[in-house]
Amino acid sequence: AEALEELHKVKGVFLDKTGTITQGQPQVVDWIDYGGLDGEKERIALLEGQSEHPLAKALVDYLPEVQGEKEDFDFQNILGQGLVGDFASGRLLLGNKKLMDAFSIEVQDLKDLESLSREGKTLLYVAKEGKFLGAVALADQIKEGSKEAIDQLRARGLKTVMLTGDHALTAQAIAKDLALDEIVAGIFPDQKEGQVRQGQKLGKVAMVGD
């Protein structure tokens, strides 16, 4: 009862993108090989199999024919950036642009690749031993009922804010048909909490997400 009473006082709602506004079931739509990406399919499947992230599951599903050798490797999940796998053949990186920057990887044709973000696609970049191998583009669909729900929230006078770690162009493409008051993109998971705390200065807020 107390929770419902507090909810009545809410002035704004923060919405996670993946799995809340969208279906949370992304699919691989582009496999862009700059040389060497195809040769790492087995290791990519092994590496992504260590993660429970929807993007990781999408990649594993995309590579069903690749069982992957039962190869020992060290695995690291860098929050908000991606995955690092240290194999006998070298270090494999799979993640967003922030991960590439962290390991000083130069991404070829960055502008051309980022143009895919304008179509609402999420990009994962792949590199091995300091060499950029290519990119994988994934797309998610807006969940049925999301637009109606956001419209109803705004009709009640509530501010609506979408939070996502995606590139700003991807976020804008996803949200183009949604009448959101604000979009905050390219943030780490722990930064979402900071956004909510900042919003609390204006009044009581709610967070909808995982």
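Looking across region 108-129, the residues that are among the aliphatic types (A, V, I, L, M) and either in contact (Cβ under 8 Å) with a residue 40 or more places away in the chain or farther than 24 Å from Lys57 by Cα (or both) come down to Leu110, Leu113, Leu116, Leu123, Leu124, Val126.
Could you list all residues from region 49-70 that are open to solvent by less than 40 Å² (accessible area, probe 1.4 Å), at pLDDT below 90 and out of contact with any Leu (no Cβ under 6 Å at 6 or more places or on another chain)?
Our first condition is that a residue be open to solvent by less than 40 Å² (accessible area, probe 1.4 Å); within region 49-70, this holds for 51, 55-56, 58-59, 63, 66, 68.
Adding the requirement that they be at pLDDT below 90 leaves 63, 66, 68.
Scanning region 49-70 gives Leu63, Val66.
Across region 6-44, the qualifying residues are those that are open to solvent by less than 20 Å² (accessible area, probe 1.4 Å), among the aliphatic types (A, V, I, L, M) and part of a helix (DSSP H, G or I), and the one among them that is nearest to Ser117 (Cα to Cα) is Ile21.
Apart from one condition, Ile183 fits all of (1) in a helix (DSSP H, G or I); (2) in contact with a helix residue (DSSP H, G or I) (Cβ under 9 Å, 6 or more places away or on another chain); (3) open to solvent by 60 Å² or more (accessible area, probe 1.4 Å); (4) not small (Gly, Ala, Ser); the exception is (1). Taken over region 135-180, residues that are in a loop (DSSP other than H, G, I, E, B), touching a strand residue (DSSP E or B) at 6+ places or on another chain (Cβ under 6 Å) and aliphatic (A, V, I, L, M) amount to 2. All conditions in (1) in a loop (DSSP other than H, G, I, E, B); (2) in contact (Cβ under 8 Å) with a residue 24 or more places away in the chain hold for Phe132, with the sole exception of (1). Of Gln141, Gln172, all but one fail to be open to solvent by 70 Å² or more (accessible area, probe 1.4 Å), polar (S, T, N, Q) and closer than 17 Å to Gln25 by Cα; the exception is Gln141. Residue under question is Gly85, and the condition is that it be under 14 Å from Ser51 (Cβ atoms) and surrounded by fewer than 19 Cβ atoms within 10 Å (Cβ to Cβ); does it hold? So Gly85 fails the test.
The values are calculated or read from the model by the stated rules, or taken from the named source; none is laboratory data. Note that the structure is predicted; figures quoted are calculated from it, not measured. Glycine also receives a Cβ, built like all others from the backbone with ideal geometry; neighbour counts cover every protein chain displayed. We work out accessible area using only protein heavy atoms, side chains counted, and drop any ligands, DNA or RNA first. Shrake-Rupley method; radii C 1.70, N 1.55, O 1.52, S 1.80 Å.
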